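Presented below is the structure to which this report refers.
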Amino acid sequence: MQKFYKSSLAKTIAASALLAASSAANADVIVLDFEGVGNSAAINEFYNGGTDSQGNSGVDYDISFGSNSLGLIDGDAGGSGNFANEPSADTVLFFLTGTAILNYTPGFDTGFSFFYSSSTAAQVFVYDGLNATGNVLATLDLSAQFSDNCVGDPNGQFCNWTAVGATFAGTALSIDFGGTVNQTAYDDVTFGSAVAGENPGEIPEPAGYALLALGLGLLAKSRKRKS
Ligand SMILES: [Ca+2]
Ligand SMILES: [Ca+2]
Ligand SMILES: [Ca+2]
């Protein structure tokens with residue numbers, strides 16, 4: 001959390017870091033963290049200017065989810081999810097029944113990526129047509145890794161999350177998460193980059209730390225001068 005008190009120096013640093021980040025990053029990268037989607041709610045038009053099945057709405061990215069795509073909140077946060085250590089707490093994407101297809105009507109290019117936790121090996125396909133039609137532009141391979149080397153937070157059996165991504169040529173219009181129904185959860189689903197969770201709107205940590213160190217250095221100097 002941000003502290004209530006913030007010096008003007010910190011504000012200037014934050015503003016310049018944000019400027020540097022936005023000019024360097026691809027503006028077309030979109031990361032869906034599913035925060036704000038209701039527990040067991042069909043995501044529907046949550047990211048398309050509408051709402052999920054419980055009336056919640058998110059940023060309008062023109063991304064429409066099929067009615068089988070559900071939001072799931074961690075049991076430790078009051079939901080019914082059996083997971084832990086999710087990359088963005090406390091909500092993830094999963095599919096309970098049927099086909100698991102996502103349409104992105106404006107299309108996206110360059111790459112696709114996400115974090116997943118799965119109890120089965122599976123494949124996710126990126127298509128250049130809507131509703132999983134046309135050519136397969138990329139295939140992402142998932143392995144059964146859900147409980148490898150991890151514990152709950154404090155509860156949750158699906159506690160291991162792995163980033164997976166692929167680059168491709170052309171324009172993608174849909175994703176087929178088929179074959180992973182009720183076995184796999186997803187978070188920080190990323191369009192336009194093969195690096196999951198890469199968000200051009202976030203201030204990069206290394207720059208923040210470097211500037212913080214600079215600030216501390218100045219503070220130390222001024223203290224020396226006084227003594
Ligand atoms: Ca948990
Ligand atoms: Ca959690
Ligand atoms: Ca999340």
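In terms of its C-alpha gyration tensor, the range 44-127 comes out oblate, because a/c is 1.5 or above while a/b does not outweigh b/c.
Apply the a/c threshold of 1.5 to the C-alpha gyration tensor of the range 14-157 and tell me whether it is rounded, prolate or oblate. In terms of gyration-tensor shape, rounded. Over the range 28-200, what is the relative contact order in whole percent, taking alpha-carbon pairs under 8 Å and six or more residues apart? For the range 28-200, the relative contact order is 28 percent. Accessible area of Tyr127 (1.4 Å probe, protein heavy atoms only, ligands and nucleic acids ignored): about 40 Å². For the pair Ala169 and Gln54 in one chain, pulling the backbone fully straight at 0.36 nm per residue adds 37.7 nm over the alpha carbon distance. Centre-to-centre, using Cα atoms only, the range 98-115 and the range 127-201 are separated by 9 Å. Accessible area ranking (1.4 Å probe, heavy atoms, ligands and nucleic acids excluded), largest first, for Cys150, Cys159: Cys150, Cys159.
The values are calculated or read from the model by the stated rules, or taken from the named source; none is laboratory data. Please read these numbers as outputs of a predicted model, since none were measured by experiment. Ligands, DNA and RNA are excluded from the accessible area calculation, which covers all protein heavy atoms including side chains. Shrake-Rupley method; radii C 1.70, N 1.55, O 1.52, S 1.80 Å.
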